[in-house]
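This report concerns only the one structure given below.
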Amino acid sequence: MTFLRRLLASALLLAAAPAFAQTTVLRVSAIPDEAPTELQRKFKPLGDYLHKATGLEVQFTPVTDYAAVVEGLAHQKIDMAWLGGFTFVQARLRTQGGAVPIVQRAEDEKFTSRFIVPAASPIQSLSELKGRTFAFGSPSSTSGHLMPRFFLLKDGIDPDKDFKAVAFSGAHDATVAFVASGRADAGVLNASVMDKLVEGGNPNAAKVRVLATTPPYVDYNWTVRPGLDPALTKKLTEAFLKLDPANPEHKEIMALQRASKFVPTQASNYDGIEQAAKAAGLIK
C-alpha cells in the first residue's frame, strides 16, 4: 500500500470512529444534597459501570454548593451532573437551553418532600408552624426548598412572613439533624433521603416524625453539558436505561441510587418546576 493510500485509509478510520474516542475522561459531579462522603459512596459503583460502558476514565468531582455544578456545566468543566429539578432549570437558563437532561429515575416522575418535627413536638398540622422556627435544605434544592415553599404558599403559609425564623441547613441529612437537635422547630427534606435515614437506623431520624407530605412533582435527573458529543450522550443514555436491579451486576448500583429503573426525560418535563420557581419568587 502506498503512503498516500495508507494516509487516506487512516483518515477514513478516524472519520468513522466515535467522536468521543478523542475524549479520555468523563467528568461527573452532583448537587451536594447529602454529605460529600455519602455522595462519593453512592457514585463509586455507578462510575465503574459507566467506565465499562464508555471506555472512559470516570472522575467524580464533589462541589461545595449547587451553583458550582451549574457553573461547571456552563463552562464545560463538568460533562455530566446529577441535578435536582430546580437546579436543572437554573442550568437550562444559565446555558440558554444548552444543558440537556437525559434520564431520570422512575421515582423522580412523582417525587415528594416530607415536613418533619421533633418526635415529641405538639405540632400536628402545617398551619401550626406559624410563629415557629423552620429549616429548609439548600436554597437551590427542589425537594428541600422550592417545592415545599411553593406548596406552603398555596396553603396560605408564607415562610418569610409566618415563620419566626428560617434557616438553610445546606443538605437533607443536615435538616434532620437541625430538627432532631432542636435548632429548628420543623423542617423539610426529600422523601427518599428520609426513607434511607430511617432504614439505616440514623439516630437523628429516630428523633423526628413526619408531619406532612407534599403533593408529587418531577425532580432529579442526569444532565449533560452543552456541546457534549451526541455519540457519547447516546452511549450514556443507553447505559442508564440498561440498568436493571434484577441483574446481580446492577443491584448495588440501583440500590445506592434508590432507583427501580431509569427512564428517558426531556427539558419540557421541568417546565412546571420553572413555573413554581417563578411563583415562589426564586427566579424571574
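Could you go through region 122-141 and let me know if any residue there is closer than 30 Å to K242 by Cβ and under 13 Å from the mean Cα position of the chain (by Cα).
yes
Taking each residue of region 258-278 that is under 26 Å from A239 (Cα atoms) and looking for partners that are part of a helix (DSSP H, G or I) and among the polar types (S, T, N, Q) with beta-carbon atoms closer than 6 Å, six or more apart or interchain, yields R258/S192.
P62 meets all of the listed conditions (1) surrounded by fewer than 22 Cβ atoms within 10 Å (Cβ to Cβ); (2) of a type outside the set (S, T, Y); (3) modelled with pLDDT of 95 or more but one, namely (3). The residue that is farthest from T223 (Cα to Cα), counting only those in region 1-37 that are of a type in the set (D, E, K, R) and modelled with pLDDT under 90, is R5.
Screening R94 against (1) touching a helix residue (DSSP H, G or I) at 6+ places or on another chain (Cβ under 9 Å); (2) in contact (Cβ under 8 Å) with a residue 40 or more places away in the chain leaves a single unmet condition, (2). For region 258-284, residues that are under 17 Å from the mean Cα position of the chain (by Cα), over 24 Å from L56 (Cβ atoms), assigned to a loop (DSSP other than H, G, I, E, B) and not polar (S, T, N, Q) total 1.
Is it the case, given these coordinates, that A255 is assigned to a loop (DSSP other than H, G, I, E, B), free of Cβ contacts under 8 Å to residues at least 40 places away in the same chain, loosely packed, with under 15 Cβ neighbours inside 10 Å and not assigned by TED's automatic domain parsing to the domain that holds D158? Against the criterion (assigned to a loop (DSSP other than H, G, I, E, B), free of Cβ contacts under 8 Å to residues at least 40 places away in the same chain, loosely packed, with under 15 Cβ neighbours inside 10 Å and not assigned by TED's automatic domain parsing to the domain that holds D158), A255 does not qualify.
The values are calculated or read from the model by the stated rules, or taken from the named source; none is laboratory data. Small disclaimer: the values here were computed from a predicted structure and weren't measured. Neighbour counts are summed over all protein chains in view; Cβ atoms, including those assigned to glycine, are modelled from backbone coordinates with ideal geometry.
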